[in-house]
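Novice: The following block contains the structure, expressed as structure tokens.
What follows draws every value from the coordinates through simple rules; no lab data is involved. Model, not experiment: these values are computed from the prediction. In this analysis, Cβ positions are derived from the backbone assuming ideal geometry, glycine residues included, and neighbour counts consider all displayed protein chains.
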Amino acid sequence: MVKFKFLLLLLPLLILVSCGKKYTEEEIQQIVNETDKKVEKLAGQHFDWGDRKAYSTLTAFYPDPDVTFVRENLRYRKHGEAFNIYYFKNGNLIYYVGKELVYNHEKSAKLRKALTHLTLYLNPGGDVINYEKTINFQDVPLEDSDVEHVLNHAEEIYKKVGDQG
């Protein structure tokens, strides 16, 4: 009886530890590869998202009960567009790929374009494991604001598409 009570007390701790699993870049890449194979055979569910700065169409796939894959075509209301891919595991963003084209109008009336490509590998807590960021094909450092922006937007997207698996 004492052992049973001890196990009942230990069970929530075991669940908490297993939910906070840290991933390596290789483990995330394996999840991504397995998901990509399954997504090819699935029909996606379409959603719309928007706020005062942008709007997007989303296609969500649920290849496993704990994995959600989302493709997003995002249009900024004034200055550009983006194409983003999100991989969620147990509701947490673990992999992100974003390509963003932004148009900048300068005082000289010359139109300048900035193409940003960002790839993030993340642990469930939002810690970056590895990244690649380029602007106009030049490597640039990752800013904390980049990660914060991606995580905040991913949270909004996940609220919209949910966990349908």
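Novice: Please give, to one decimal in nm, the separation of the simple spin-label points placed at Asn104 and Lys22, each 7 Å out from Cα toward the Cβ.
Specialist: Rounded to a tenth, the inter-label distance reads 3.7 nm.
Novice: Just grab the label-to-label distance for Glu81 and Glu132, each label 7 Å out from Cα along the Cβ direction, in nm (one decimal).
Specialist: 2.4
Novice: Counting other beta carbons within 10 Å of each residue's own, what order do Glu25, Glu155, Glu100 fall into, fewest first? Please list the in-between numbers first.
Specialist: On the way: Glu25 11, Glu155 14, Glu100 17.
By the 10 Å Cβ count, ascending, the order reads Glu25, Glu155, Glu100.
Novice: Roughly speaking, what is the stretch gain from Phe47 to Val97, that is 0.36 nm per residue apart minus the C-alpha to C-alpha distance, in nm to one decimal? Don't skip to the end; give the middle numbers.
Specialist: Numbers: separation 50, 0.36 × 50 = 18.00 nm, distance 1.92 nm.
So the extension gain works out to 16.1 nm.
Novice: Follow-up. For the pair Thr59/Asn73, report the inter-label distance in nm, with labels modelled 7 Å from Cα in the Cβ direction.
Specialist: 0.9
Novice: Can you sort Val67, Val32 so the residue with the fewest Cβ neighbours within 10 Å comes first? Please report the intermediate quantities before stating the final value.
Specialist: Details: Val67 21, Val32 18.
Neighbour counts put them in this order, fewest first: Val32, Val67.
Novice: Rounded, prolate or oblate: which fits the stretch 31-165, taking a ≥ b ≥ c as square roots of the Cα gyration tensor eigenvalues, rounded meaning a/c under 1.5, else prolate when a/b beats b/c? If you can, show how the numbers build up before the last one.
Specialist: Numbers: a/c = 2.08, a/b = 1.54, b/c = 1.35.
Because a/c hits 1.5 or more and a/b exceeds b/c, the stretch 31-165 counts as prolate.
Novice: Among Asp64, Asp146, which comes first, second and so on when ranked by fewest other beta-carbon atoms within 10 Å?
Specialist: Numbers: Asp64 14, Asp146 18.
Ordered from fewest to most neighbouring Cβ atoms within 10 Å, Asp64, Asp146 come out as Asp64, Asp146.
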